[in-house]
Each structure stands twice: as structure tokens, then as C-alpha cells.
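J.: Please find one structure pasted underneath; my questions will follow.
Bear in mind these aren't lab numbers, they're just calculated from the coordinates by the rules spelled out. The model shown is predicted, which means the values in this text are computed figures rather than measured ones. Methodologically, a virtual Cβ is constructed for each residue, glycine included, from the backbone with ideal geometry; neighbour enumeration extends over all protein chains shown.
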Amino acid sequence: MDKNKRIIASLLFLTFFYCLHTFAQEQTTGCRVLLPQIAGQYEGECKKGLADGMGKAQGTDQYEGFFKKGLPDGQGKYTWNDGTTFEGEWKKGRKDGYGVLTSHLASRDSVLSGYWIDDEYIGTEKKPYKINNKGINIIGLTLSRVGSDKDQIVVEYNRSGRPLSIYSFHVTELMGGYSTISKSDFSKTLLNVRYPFRAEITGDAFVFDVTISQRGSWKIIVNVATK
């Protein structure tokens with residue numbers, strides 16, 4: 001009798017374990033990955049039908065790491081079908097933060113480490129720009145990225161909150177380059193900028209030196225001292 005009870009108990013336990021395992025598989029199988037290149041198979045944590053938490057996904061490419069709302073988000077390693085890997089930080093399915101990109105070339109491996117913003121490499125500095133130097137007659141510099149459709153830098157000068165006309169304007173390139181300068185009374189625009197870009201910029205008697213690593217359309221506002 002005791003033996004029969006043990007057999008029945010074992011069968012019940014196995015049945016329960018099988019159901020639990022099947023349920024877990026169904027949860028994983030029904031969990032979607034929203035990045036098409038890795039949307040073939042998924043194993044890992046799930047939330048509201050989407051990959052969320054730690055997991056592993058595989059399609060033409062492969063990713064293992066953290067997910068959020070169906071996309072790589074957080075720390076993880078992505079492997080492309082040609083063997084190239086990126087191990088680092090992700091945000092909404094794109095490289096964003098610090099990471100290491102390793103490409104396997106015929107002669108050697110190429111390793112690129114540093115920071116990415118919105119899938120774009122910006123260099124070894126976390127901030128996409130750096131103010132290297134400014135003249136004592138400049139109160140402050142404000143740099144902001146205003147778009148991604150054009151590679152240009154607009155420079156404007158202000159004094160006491162009002163636009164200031166600059167007549168003499170010169171750019172000494174230290175890294176990168178540009179094609180030409182479009183000038184108006186209150187703004188100077190460097191067109192077709194090649195990033196990363198560093199230059200010493202002189203507007204009348206106001207001189208500053210900046211580096212911009214991230215591509216796109218930038219605006220620099222130069223606040224100058226009162227006379």
C-alpha cells in the first residue's frame with residue numbers, strides 16, 4: 001500500500017513538474033521579440049507578451065542580455081551573422097552607452113571601444129561635445145544638438161540676451177572639417193561638417209575651442225561679456 005502511495009505521489013509530482021515546464025515553455029514561446037533580426041527563437045523572462053528582463057534571442061543574428069518591452073535594453077551582447085560582436089549598453093534596441101565593438105577581419109580583429117548614442121559611435125568621451133578653451137571675454141558657451149538630418153554647426157553670439165552682429169569670422173580646423181560657411185548678420189553656419197570635429201573659432205575678438213563628436217545639426221550660442 002505504501003509502495004502504491006509512493007508511486008502515485010511520484011506520478012503526481014512528475015505530472016505537476018511537466019505541466020509547470022510546459023507552461024514555462026508556452027510563456028517563453030508566446031513571448032515576442034520586436035527586433036526582426038533576432039526574432040526567431042527566445043528564451044527568458046517575459047512581461048505582457050514581450051521579452052522583458054534577462055533573455056536570449058536568435059534569428060539571423062543573436063543577442064543575450066537584458067530586454068525591455070521586446071527590445072534589447074540594458075547590458076547585453078549582440079552577435080551579427082558575420083561574427084561581429086557588440087558587448088555593452090543598449091537602449092530601445094540600439095547601441096547606447098559604453099560598449100566594445102569587435103569586427104573579425106581577414107588579417108586581424110578590429111576593436112572599437114567607447115560610447116554610443118542612438119546607435120552612433122561618438123568616441124571615448126561620454127559627452128558628445130567638449131569645450132576645450134574660451135576667451136576671458138566669453139561668459140559662457142551653450143552647445144545643443146538640434147537635429148540629425150544635416151551635418152552642420154550654427155554659431156550665434158549674444159550680449160546681455162540680445163543677438164550680436166559679428167563681422168569678422170574665422171575657423172581654424174584642428175580635426176575633421178567642413179565645406180563652406182553660410183553667413184548672416186546674427187549667425188554663421190558651417191556646412192557639411194565632418195565629425196568628429198574640433199576647431200578654434202574666432203568671431204571678432206571672441207575666441208573659443210570646441211570638439212563635437214556626434215554627427216548632426218548643432219547650435220553654439222556664445223554669450224559674450226558687456227563692454
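J.: Mind running the shape call on the range 27-90? Use the C-alpha gyration tensor, a ≥ b ≥ c as the square roots of the eigenvalues: rounded below 1.5 for a/c, prolate if a/b tops b/c, oblate otherwise. Kindly include the intermediate steps, with their values, before the conclusion.
T.: Values: a/c = 2.31, a/b = 1.42, b/c = 1.62.
Note, shape of the range 27-90 comes out oblate.
J.: Which net charge results for the neighbourhood of Ile220, defined as the other residues with beta-carbon distances under 12 angstrom from its beta-carbon, given Lys and Arg at +1 and Asp and Glu at -1? Each step should come with its number before you reach the end.
T.: Working: positive: Lys134, Arg145, Lys188, Lys219; negative: Glu156, Asp209.
In short, +2.
J.: Binning at 5 angstrom from zero up to the longest distance, how are the C-alpha pair distances of the range 70-165 distributed in percent?
T.: 3, 10, 15, 16, 14, 12, 10, 7, 6, 4, 2, 0
J.: Suppose a student asked you for the relative contact order of the chain, using Cα pairs under 8 Å spaced at least 6 residues apart; what percent would you report?
T.: 14
J.: Please report Phe169, Phe197, Phe66 as a ranked list, fewest other C-beta atoms within 10 angstrom at the top and most at the bottom. Kindly include the intermediate steps, with their values, before the conclusion.
T.: On the way: Phe169 15, Phe197 24, Phe66 19.
Going from least to most buried by this count: Phe169, Phe66, Phe197.
J.: With a ≥ b ≥ c taken as the square roots of the eigenvalues of the C-alpha gyration tensor of the range 137-227, please select rounded if a/c is under 1.5 and otherwise prolate if a/b is larger than b/c or oblate if it is not?
T.: Since a/c reaches 1.5 and a/b is larger than b/c, the shape of the range 137-227 is classed as prolate.
J.: Give me Tyr115, Tyr178, Tyr167 sorted ascending by neighbouring Cβ count inside 10 Å, so fewest comes first.
T.: Values: Tyr115 22, Tyr178 18, Tyr167 8.
So the ranking, lowest neighbour count to highest, is Tyr167, Tyr178, Tyr115.
J.: Whose amide H sits under 5 Å from the amide H of Phe169, counting only residues 5 or more places off or on another chain, with H placed in the peptide plane?
T.: Here Asp204 satisfy the definition.
J.: On a 0 to 90 degree scale, rounded to 10, what angle separates helix 2-29 from the longest Cα axis of the chain?
T.: Around 30 degrees separate the two axes.
J.: Among DSSP beta bridges whose residues both lie in the chain, state the antiparallel percentage, nearest 5. All intermediate terms of the calculation are to be shown ahead of the outcome.
T.: Values: 78 of 87 bridges.
Counting only bridges with both partners in the chain, antiparallel ones make up about 90 percent.
J.: For Asp96, Asp82, which order do you get if you count the other beta carbons within 10 Å of each Cβ and list the fewest first? Walk me through the numbers before you get to the answer.
T.: Numbers: Asp96 19, Asp82 8.
Listed from fewest to most nearby Cβ atoms, that is Asp82, Asp96.
J.: Which semi-axes, in whole Å and largest first, does the equivalent ellipsoid of the chain have when worked out from the alpha carbon gyration tensor as the square roots of 5 times its eigenvalues? Walk me through the numbers on the way to the answer.
T.: Details: eigenvalues 643, 70, 37 Å².
Ellipsoid half-lengths, sorted descending, are 57, 19, 14 Å.
J.: List the aspartates and glutamates whose Cα sits under 15 Å from the Cα of Lys56, skipping any in the same chain fewer than 8 residues away.
T.: By straight Cα distance, Lys56 reaches Glu43, Glu45, Glu64, Asp73, Glu87.
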